[in-house]
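Step one of this worksheet: look at the structure below.
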Amino acid sequence: MRLPRAFASALCGFIVSSFATASPAFAGGPSVAVLNFTTQGLTSNWWGNFEPGVALSDLITDQLTNSGKFNVVDRKNLDSVLSEHHLSEGGEVAPASFVQSGRLIGAKYLITGNILQFDRTGQSGAAAGSLIHGWAGAALGGISSTRVTLKVQVRVIDAQSGQILESFADEKTQKGTSWGAGGFGGGAAGGYGNSQFVNSTMGHLVNDEAIDISSKIDPFKLASTPIAPALRGQIISVDEGDIVLNIGSSRGVGVGSYFDVIKVKHIKDPSSGRILTADLNVGKIQVISVSNDTAVGKRISGNPAVNESVLAEQ
């Protein structure tokens, strides 16, 4: 049956309107990057050349990307960008490192953490079964099944302030008769998402953990996080091109950070008679070294002077 033109037009308008109002929730999803999870504190490396922290990060990236709820930074570009600026991709703890990493790779939020446990936690079946080949071993019940536990601490970090927004732990256990990890991945970002690894016993365990972690990261909660105020400081010395600021790593300043030089101008409002202030951008500097309470920068533009304010680029 052919619909009347007016009704068809209204129906099309309703459908378009529905999609327009439903999809924007994720159309501009929060920008995130998954850094390599560290393995600090693990007392064994029975998995050989396999890198559990890299594998977990790769698979979390896949989960977040496939959800369509986030703008995810391509992990293949992370290592080269961070290495170029002498930053590690795996689990920095200093706020300055996170702030600088996020700015370089274009992510508002960083997801990282530490693998607390990755051990064989149980075994069933006769060990002698490994000596019996073929169906006979299975018939005798001699095949050994090993239980492995993976426990992870996860952090979601605001890359603008270095603040930890979420921190939670998750744990998974998997049983299997074969835990060999050789030949999977390649030890680099983007190397563990292949079907050969994901379908292995090791891959099932790590992938299940990645699914759980990804499900706990809420894009709506991240999007509603208040924007951190821009980092502000003051120039306290200019000595032969070295511009010293009164803020350092304890406030989130990192090597390579850019600051606008601000001159505060006081202006009388002719209407109200009130004295108002305006920030005039009169130059730019880049930080070249950092200590706890101070930072040293070099001039990029303008003529920075003592007592002028600086405002971190966001």
Check off (1) farther than 30 Å from Val152 by Cα; (2) surrounded by 16 or more Cβ atoms within 10 Å (Cβ to Cβ); (3) in contact with a Lys or Arg (Cβ under 6 Å, 6 or more places away or on another chain) for Ala312 and give me the number that stays unchecked. (3)
So, of the residues in the range 150-168 that are surrounded by 16 or more Cβ atoms within 10 Å (Cβ to Cβ) and over 17 Å from Ser57 (Cβ atoms), which turns out to be modelled with the lowest pLDDT? Ser161
If you go through the range 239-252 one residue at a time, do you hit one that is outside any helix (DSSP H, G or I), outside the structural domain of Tyr109 (by TED's automatic domain parsing) and touching a helix residue (DSSP H, G or I) at 6+ places or on another chain (Cβ under 6 Å)? yes
Residue that is surrounded by the fewest Cβ atoms within 10 Å (Cβ to Cβ), among those in the range 253-277 that are under 31 Å from the mean Cα position of the chain (by Cα) and assigned to a loop (DSSP other than H, G, I, E, B): Gly256
Check Gly191, Gly233 and return the single one that is surrounded by fewer than 21 Cβ atoms within 10 Å (Cβ to Cβ), modelled with pLDDT under 85 and in contact with a helix residue (DSSP H, G or I) (Cβ under 9 Å, 6 or more places away or on another chain). Gly191
Residues in the range 217-232: is at least one outside any loop (DSSP other than H, G, I, E, B), over 28 Å from Ser57 (Cβ atoms) and without any contact (Cβ under 8 Å) to a residue 60 or more places away in the chain? no
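The values are calculated or read from the model by the stated rules, or taken from the named source; none is laboratory data. These numbers come from a predicted model, not from an experiment. Don't worry about glycine lacking a Cβ; one is built from the backbone with ideal geometry, like all the others, and counts go over all protein chains shown.
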